[in-house]
Amino acid sequence: MTSSATTEELEVLLKVAQVDTLLPEATTSNDAEASKPSPDIVNAALQKGQWEPHVVVMLGDTPFDIEAANQAGVRTIAVRCGGFSDAQLAGAIAIYNDPADLLTQYEQSPLAKTA
């Protein structure tokens, strides 16, 4: 998981969402010199996970996520729940209303095609 939040902020957010035990590792703004749209956080996550960009798909809800991922060579699936228009989310390989919509359409999504 990558987030522009600090490590401390992210810990609180994950606890509030009751998913803190599901995500044992995260890359935050503490791991990067510059925040999104700079690719620093995405590159830090790639290094931490020892992944090549072409095998990663990032889920994002802002144009900054998409720009950062694209600069790092990572494909992005966008979700509209961040409040941005489809035009602002251009550059993503697919756009869904929210994570639940992506799950509903999983079999036709880019995630199913890479599995």
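The values are calculated or read from the model by the stated rules, or taken from the named source; none is laboratory data. Note that the structure is a prediction, hence the values are computed from the model and not measured. Neighbour counts are summed over all protein chains in view; Cβ atoms, including those assigned to glycine, are modelled from backbone coordinates with ideal geometry.
Contact map, region 96-115: residues that are on the phi < 0 side of the Ramachandran plot paired with residues that are part of a loop (DSSP other than H, G, I, E, B) and of a type in the set (S, T, N, Q), Cβ distance under 8 Å, separation 6+ or inter-chain. Pairs shown: TYR96/GLN105; TYR96/SER109; LEU102/SER109.
To keep it simple, each residue is scored yes or no on (1) exposed (fewer than 15 other Cβ atoms within 10 Å of the Cβ); (2) more than 23 Å from ALA45 (Cα to Cα).
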residue	(1), (2)
VAL55	yes, no
LEU59	no, no
ILE66	no, no
ASN70	no, no
ARG75	no, no
GLY83	yes, yes
ALA94	no, no
ASN97	yes, yes
GLU107	yes, yes
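Restricting attention to region 28-67, the residues that are touching a strand residue (DSSP E or B) at 6+ places or on another chain (Cβ under 8 Å) and over 26 Å from ALA100 (Cα atoms) add up to 2.
Conditions (1) within 15 Å of the chain's Cα centre (by Cα); (2) assigned to a helix (DSSP H, G or I); (3) free of Cβ contacts under 8 Å to residues at least 24 places away in the same chain, marked per residue:
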residue	(1), (2), (3)
ALA5	yes, no, no
GLU8	no, yes, yes
VAL12	no, yes, yes
LEU22	no, no, yes
ALA44	yes, yes, no
LEU59	yes, no, no
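Among the residues of region 32-40, not a single one is assigned to a loop (DSSP other than H, G, I, E, B) and over 22 Å from THR6 (Cα atoms). The set of residues from region 81-108 being out of contact with any Pro (no Cβ under 7 Å at 6 or more places or on another chain) and either basic (Lys, Arg) or not in a helix (DSSP H, G or I) (or both) comprises GLY83, SER85, ASP86, ALA87, ALA90, GLY91, ALA92, ILE95, TYR96, ASN97, ASP98, GLN105. If I filter region 45-52 for residues that are buried (at least 16 other Cβ atoms within 10 Å of the Cβ) and among the acidic types (Asp, Glu), do I get at least one hit? Scanning region 45-52 turns up no residue that is buried (at least 16 other Cβ atoms within 10 Å of the Cβ) and among the acidic types (Asp, Glu). Please state which one of ALA78, ALA112 is modelled with pLDDT of 95 or more and either assigned to a strand (DSSP E or B) or of a type in the set (A, V, I, L, M, F, W, C) (or both). Criteria check complete, one pass: ALA78. Set side by side, the residues THR76, THR7, THR21 differ, and just one is of a type in the set (S, T, N, Q), closer than 23 Å to THR104 by Cα and out of contact with any Lys or Arg (no Cβ under 9 Å at 6 or more places or on another chain), which is THR76.
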